[in-house]
């Protein structure tokens, strides 16, 4: 039977197959990057405190101190001519025991009395966090891309579980001496089985947040005739009407600086004594419609915070219903803490970090398995293998180097990382795999060690700041572990002949 399709040259088909494989490799690389930075981002609060160890810390701040901090920030904003749409305050809590006022790219630190003490900007923490949830792209675009990756990850998790039912039966089988491909398959499947509930929860929550952003982005053009403000109004109410209702209360009785803010915090403490404030938002800042909203903790719920809104006299007007509203709103409000491990303290964070690293490792072993299978079938890709090995280790190395250069020379980390990663990875094409197998983790170890050394050179050894000391200690231990891994790989490379060594080590 004669086909209606023209005969396609074999060379063209071969090129398309290679392009298809390179596209899959690119997706695996981005997935690895998101998973690795996710494991780091679990400690975002600790990194923020590590980045600026000299900022005063306190367990709480009085409403009057918060009012003085806002009064200073208002004067500063007026003097500089800045026009922020919103101003945010971090109110001291167990997780972030600092009083900080932030807007646009600025952040100002205050002591327990509400007096200004210096900058609280944390560009490195933003670099790490924004790489995870937006790949350092414009926020809305990057967040949607990462959300789509979450959907793909759910498909991979569910599809892998359904396609490989034996991996549950063999959950405790680990054949490290069964050859390159078999050992990688066992490691890949064992981590996948042991971490399956975590991997599914993290992928689901990330996907929900990303898909919600897609839906909200489409809501304006599709449902509201291109008017994004109407979409916001449908969710949060008309700002003009809310401001009009708030003004009916009149001015607060107190003449203290920022009396409305002081009164709002006092009202929250009186009417919601079990819900301490975590942050405050001054929306439509500096306009007649300026609103005050306070995010308060609900320890018995998985939500990060309930948002309470206050009138001009500091009285409680309404809440957004994250704690007791519609089930869909409560579900969405619970996504962040479930995704980031922001509950249960440090034990949960360490567990999330460990399982997150496992998910990143699954990404690397997945590519290793594909390369090993191809090699067994006579279609080896040594250049791709070397480039992949270099990419895997260059990612943490360049993250550490970007942070180091920022600490010691105020170099912006984003352009350094994103220009260096593709260049270094492509250079790996010319690096023999046996060299990359041990030299790449050795370079990652050296880069990781440079970070606590740079921090100590800039700030000394801030033993009074337990978090900074703990982060530096953790980074040093990671560097030591990577040095040990590089030495092990070096010995293995010296003793082994035949197939190129794999990226990861069992």
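The values are calculated or read from the model by the stated rules, or taken from the named source; none is laboratory data. Predicted, not measured: the structure shown is a model, and the values here were computed from it. Cβ placement follows ideal geometry from the backbone for every residue including glycine, while neighbour counts extend to all protein chains displayed.
Given (1) closer than 26 Å to residue 77 by Cα; (2) surrounded by fewer than 20 Cβ atoms within 10 Å (Cβ to Cβ), identify the lone condition not met by residue 321.
(1)
Only residues that are assigned to a helix (DSSP H, G or I) and over 20 Å from residue 46 (Cα atoms): list them for the range 115-138, please. Write out each step before concluding.
Of the residues in the range 115-138, the ones assigned to a helix (DSSP H, G or I) are 123-134.
Residue satisfying the conditions is 134 alone.
Residue-by-condition table, conditions (1) surrounded by 22 or more Cβ atoms within 10 Å (Cβ to Cβ); (2) within 24 Å of residue 340 (Cα to Cα):
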site	(1), (2)
50	yes, yes
57	no, yes
82	no, no
92	yes, yes
103	no, yes
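Pairs needed: first member in the range 394-412, farther than 19 Å from residue 437 by Cβ; second member anywhere, in a loop (DSSP other than H, G, I, E, B); C-beta distance under 8 Å; at least 6 residues apart or different chains.
402/411; 405/411; 406/412
Just to check your reading of the model, which residue among 451, 485 is at pLDDT 95 or above, in contact with a helix residue (DSSP H, G or I) (Cβ under 8 Å, 6 or more places away or on another chain) and surrounded by 13 or more Cβ atoms within 10 Å (Cβ to Cβ)?
On the way: 485 fails: at pLDDT 95 or above.
Step by step, each of 451, 485 is checked, and only 451 is at pLDDT 95 or above, in contact with a helix residue (DSSP H, G or I) (Cβ under 8 Å, 6 or more places away or on another chain) and surrounded by 13 or more Cβ atoms within 10 Å (Cβ to Cβ).
Among 380, 386, which is out of contact with any strand residue (DSSP E or B) (no Cβ under 8 Å at 6 or more places or on another chain), farther than 30 Å from residue 94 by Cβ and outside any helix (DSSP H, G or I)? Outline the logic, then answer.
Numbers: 386 fails: outside any helix (DSSP H, G or I).
The unique qualifying residue is 380.
Is one or more of the residues making up the range 337-359 in contact (Cβ under 8 Å) with a residue 40 or more places away in the chain, within 17 Å of the chain's Cα centre (by Cα) and under 30 Å from residue 258 (Cβ atoms)?
Yes, the range 337-359 contains at least one residue that is in contact (Cβ under 8 Å) with a residue 40 or more places away in the chain, within 17 Å of the chain's Cα centre (by Cα) and under 30 Å from residue 258 (Cβ atoms).
Residues being in a loop (DSSP other than H, G, I, E, B) and more than 23 Å from residue 90 (Cβ to Cβ): count how many of those fall in the range 298-348.
Residues of the range 298-348 that are in a loop (DSSP other than H, G, I, E, B), as a first pass: 298-305, 311-315, 320-326, 334, 341-344.
Going one step further and asking which of them are more than 23 Å from residue 90 (Cβ to Cβ), we end up with 311-313, 315, 321, 324-326.
So the answer is 8.
Of the numbered conditions (1) under 24 Å from residue 212 (Cβ atoms); (2) modelled with pLDDT of 90 or more; (3) surrounded by fewer than 18 Cβ atoms within 10 Å (Cβ to Cβ), residue 352 satisfies every one except a single condition; which is it?
(3)
Given (1) buried (at least 18 other Cβ atoms within 10 Å of the Cβ); (2) in contact with a strand residue (DSSP E or B) (Cβ under 8 Å, 6 or more places away or on another chain), identify the lone condition not met by residue 133.
Among (1) buried (at least 18 other Cβ atoms within 10 Å of the Cβ); (2) in contact with a strand residue (DSSP E or B) (Cβ under 8 Å, 6 or more places away or on another chain), residue 133 violates only (2).
What number of residues within the range 242-275 are crowded, with 17+ Cβ neighbours inside 10 Å and under 32 Å from the mean Cα position of the chain (by Cα)?
6
Which condition does residue 93 not pass, out of (1) more than 30 Å from residue 395 (Cα to Cα); (2) out of contact with any strand residue (DSSP E or B) (no Cβ under 7 Å at 6 or more places or on another chain); (3) at pLDDT below 95, if it passes all the others?
Failing condition for residue 93: (2).
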